[in-house]
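Beneath this line is the structure, given in structure tokens, with notes to follow.
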Amino acid sequence: MITADQLKDLNERVQKLYQYLDIEGKRMQFEEETIRTQAPDFWDDPKRAEAQMKKVKGLEKWIKGYEKVRQLADETTLAFDYIKEQLVTEQELDADYARAIDAVEQLELRNMLREDEDAMDCVLKINSGAGGTESQDWAAMLMRMYLRYAESHGYKTRISNLQNGDEAGIKTVTMEIEGEDAYGYLKSENGVHRLVRVSPFNAQGKRMTSFASVFVTPLVDDTIEVEVDPSKISWDLFRSGGAGGQNVNKVETGVRLRYQYTDPDTGEEEEILIENTESRKQLENRENAMRLLRSQLYDRELKRRQAKQAQIEAGKKKIEWGSQIRSYVFDDRRVKDHRTGYQTSDVQGVMDGKLDGFIKAYLMEYGGAKKAQ
């Protein structure tokens, strides 16, 4: 059974949430912003109206989130009083407490997502590293891991490009993950993932090390302005591979977008390459490729804005594309994040998409340094 000190700590955490989330201020702001949506000409500018509705829903989400936490804490406090009169059992009290603590931790975690882009959907791309079949199999295992994570959190997923491996696994996959704060949580996965295991593809049963890269960017929508220079775009068409269908390998529906990007700071030029084979209609694949291009350009601009802050936080280990962030050692039953030191022995659980512990550790260490809204 929980103690009086545990109950006190719970109510103190709830009170702190009320204060540093400025719930009273958010309630006043919610009323003001809602009044603006009732103006007769509100929908005359659809883009501005959508942005306003997004702001209103965002405020409402914080308010309802806190009200749920407060309600669960009050129910736990009441149950603690009732236990003396034997109106509730110890098991019921502990269950109420567990629900309240879980809700508090979830709201505390969401408070770490303070940047505008955190609320966006995301694009997650996995590339297999050097090592042939073994690395390609590892990339496929990571794809399954993220699909299971998305499923368990109620996120929608859509694969926009997939290239199968030569013998097993995949060479690369690009998937779009849609849901509340998808980018905010999955941005922690950006980097190189290392696998150590006895390879099923090695006849001698040797222990092998494989690498795969994960690249996560926010998925922008039409309400966000991203400058794309049409003169720097070129297109290639190719025949989409796949299972069945009379169009497969006969009609050029797959598209390859090439964009000549110039770094505004250094002047260096780089080609951004995006392939899309999601649809059997070429026009839809073109539209999807353009959306993915806009997301990449938006992500690059974000990184430019964050460069100065990254220099200030140079004392911390850098989190950037190409750095090894996590090791999965199957034989030792250990998965460890090298940035935060968080680790678990539940290897199978991790491969089944249980990533919340890693994500929470990352946000607690790196999200807390961000400026509050």
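Key figures for this structure:
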item: Translational diffusion of the stretch 1-124, µm² s⁻¹ [Kirkwood Rh, Cα pairs; Stokes-Einstein; 37 °C; 0.692 mPa s]; result: 196 µm²/s
item: Degrees between helix 90-110 axis and first principal axis of the chain (Cα, 0 to 90, nearest 10); result: 50 degrees
item: Residue of Ile83, Ile23, Ile159 that the Gaussian network model of the chain assigns the largest fluctuation, springs spanning Cα pairs under 10 Å; result: Ile83
item: Set of aspartates and glutamates near Lys360 by C-alpha distance (under 15 Å), chain-local residues within fewer than 8 positions excluded; result: Asp102, Glu105, Glu108, Asp118, Asp181, Glu189, Asp337
item: Average Cα contact separation per residue, the chain, under 8 Å, 6 or more apart, as relative contact order %; result: 15 percent
item: Tilt relative to the chain, helix 46-82 - C-alpha long axis, 0 to 90 degrees, to 10; result: 40 degrees
item: Ellipticity estimate at 222 nm from DSSP helix runs (n ≥ 4, -39,500 (n - 2.57)) divided over the chain, nearest 500; result: -14000 deg cm²/dmol
item: Dipole moment magnitude, nearest 20 debye, the chain about Cα centre, only Lys, Arg, Asp, Glu C-beta charged; result: 1120 debye
item: Carbon/sulfur fraction of accessible area - the chain, other protein chains in place, 1.4 Å, %; result: 47 percent
item: Cα-Cα over 25 Å, subset of Lys57/Lys281; Lys64/Lys156; Lys54/Lys187; Lys61/Lys156; result: Lys57/Lys281
item: All-pairs alpha carbon distance profile, the chain, 20 Å steps from 0, percent; result: 23, 52, 23, 2
item: Accessible area per residue in Å² at 1.4 Å probe, computed on the chain; result: 55 Å²
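The values are calculated or read from the model by the stated rules, or taken from the named source; none is laboratory data. Source: prediction; values computed, not measured. Methodologically, a virtual Cβ is constructed for each residue, glycine included, from the backbone with ideal geometry; neighbour enumeration extends over all protein chains shown. Quick note on the areas: whole protein, heavy atoms, side chains included, nothing else; ligands and nucleic acids left out. Shrake-Rupley method; radii C 1.70, N 1.55, O 1.52, S 1.80 Å.
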